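All remarks here apply to the structure that follows.
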Amino acid sequence: MCDLGFAPPSNGYLSIDQLNQPEIYYPLQIMICDKCWLMQIVGGDYSINIFNNNYRYFSSFSQSWLQHAEKFVSMISSKLKLHSKSKVMEIASNDGYLLQYFVKLGIPCFGVDPAEGPRLLAAERGVDTENLFFGKESALLLREKRGLQDLIIGNNVLAHIPLINDFIEGLEIILSPNGTITLEFPHLLELLKNNQFDTIYHEHYSYLSLKTVQGILHEHNLIIYDVEQYPTHGGSLRVYICHIKNTHYKIREDAINNIIRLEEDYGIFNLDVYMNFQEKINQIKRDFISFLIKQKNEGKLIIGYGAAAKGNTLLNFCGIKGNDLIECVIDSSPYKQGLFLPGSHIPILGPDYFSQKHPDYVVVFPWNIIEEISENLAFIKKWGGTCVKFIPNFFCINQESS
């Protein structure tokens, strides 16, 4: 259905000492099941190799994402009437970016995350974290240790689960009788509509529609009682889930059915949509390479911005090696600065680069926060610099003629 060739793990950033060592590449292909319509990556479970002590994705370095998290905590605390005796758990809690707001409200909470680096940073924010992978077995252990949970949060974790049924079974085990689970995940509909192939990488095992998630939950005696759409990560869904026998919440059937109808109307449950996807992304590949070569031949200086996993998918799919076409990538996270992108080996530098050089073009890789980034980089207009992105198609920002 979609073949992006072979690529190293997209968050597998390299030190200078690793540049001359062998680098492991895995197949990056996805297939769609024409029975349940779950889209998944082809291959094995790479999670042990990805979520290790060198995992360098930290949620707190995006201000827009922090604002999204803070708004959610305020809303859900009021909606569920959470208090000092409530129990809140977040799966894939990362560096405590979200749970820190529950801590401030005095609502008991803890996180679950397998990556050691983010866990240590979360501890500095007063966020208690269990350092493990979540599933049926760990849910039983956590239930014994922490009790049933009134609210379970999973933001952008469902796609990261190699054994999705085991994960959902774990949720059912540890959820209190009248508890709520909220899951946020990028919507497959937006991936297909907007050519978001760069969100395909080894951390993402599944690509999810509402109807498919609804079916998986039902198999484990869980039901969606509400759903909301958000622009985060290029277009996401937030689903509210409870036990199937729970009568505490009113099911908003209209909201749920409206989104499923959008999926059906676009053709998500028809193989033709998937068969046409490869050519769309091949065109983006050709446009991206042509742009880089053209500008380089004209003597332009091109850099990247945001050492994001999605950028690494794009660069590796396009076969970009070394910094001949893109001199460097700027990233605000000190945990990535001084390292090199996996596969392409482009160096990652800090924002002080702009005090030394004035690039003509800045390729923004995390296009999902393009507004935040273009505002932060507005100063490059002083020397005629321009921000560009390529997903879902080529677009110039910070340029009056765009």
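The values are calculated or read from the model by the stated rules, or taken from the named source; none is laboratory data. Source: prediction; values computed, not measured. Counting neighbours? That spans all protein chains shown, and the Cβs are built from the backbone with ideal geometry, glycine included. The accessibility values were calculated without ligands, DNA or RNA, using every heavy atom of the protein model including side chains. Shrake-Rupley method; radii C 1.70, N 1.55, O 1.52, S 1.80 Å.
Listed here are the pairs LYS79/LYS250; LYS104/LYS136; LYS81/LYS211; LYS136/LYS211; LYS300/LYS381; LYS280/LYS310; which of them are more than 21 Å apart at the Cα? Don't jump to the answer; show the numbers that get you there.
On the way: LYS79/LYS250 13 Å; LYS104/LYS136 30 Å; LYS81/LYS211 29 Å; LYS136/LYS211 23 Å; LYS300/LYS381 15 Å; LYS280/LYS310 17 Å.
Listed pairs above 21 Å: LYS104/LYS136; LYS81/LYS211; LYS136/LYS211.
Of interest is the spacing of the C-alpha centroids, which for the stretch 68-92 and the stretch 109-127 amounts to 17 Å. For SER290, the solvent-accessible surface with a 1.4 Å probe is about 70 Å², rounded to the nearest 10.
Of the trypsin sites (Lys or Arg not before Pro) in the stretch 81-110, the ones in a loop by DSSP (not H, G, I, E or B) with at most 12 other beta carbons within 10 Å are LYS81, LYS85. Please identify, among PRO366, PRO231, PRO118, the residue showing maximal mean-square fluctuation in a Gaussian network model of the chain using a 10 angstrom Cα cutoff. With Cα springs under 10 Å in the chain, the top fluctuation among PRO366, PRO231, PRO118 is at PRO231.
Please report, as a whole percent, how much of the solvent-accessible surface of the chain comes from carbon and sulfur atoms (probe radius 1.4 Å). Let's see the in-between values first.
Values: 8810 of 17450 Å².
C and S fraction of accessible area: 50 percent.
Candidate cross-link partners of LYS294 among the aspartates and glutamates, defined by an alpha-carbon separation under 17 Å and a same-chain spacing of 8 or more, comprise ASP324, GLU327, ASP360.
With the whole protein complex present, TRP383 retains an accessible surface near 70 Å², based on a 1.4 Å probe. Rank LEU99, LEU121, LEU315 by mean-square fluctuation in a GNM of the chain with C-alpha springs under 10 angstrom and give only the top-ranked residue. Result: LEU121 has the largest fluctuation of those listed. The stretch 163-223 and the stretch 316-330 have their alpha-carbon centroids 33 Å apart.
Given the -39500 (n - 2.57) contribution per DSSP H run of 4+ residues, what per-residue ellipticity at 222 nm results for the chain, rounded to the nearest 500 deg cm²/dmol? Show your work: numbers first, answer last.
Working: 13 runs with 131 residues, N = 402.
Calculated at 222 nm, the ellipticity per residue is -9500 deg cm²/dmol.
Bridge orientation summary for the chain: considering DSSP beta bridges with both residues in this region, about 50 percent are antiparallel. Within straight-line reach of LYS87, meaning a Cα separation under 16 Å, sit the following aspartates and glutamates at least 8 residues removed in sequence or on another chain: ASP128, GLU130, GLU144, ASP150, GLU172. Cα gyration tensor of the chain, axes a ≥ b ≥ c as square roots of the eigenvalues: rounded (a/c below 1.5), prolate (a/b > b/c) or oblate? In terms of gyration-tensor shape, prolate.
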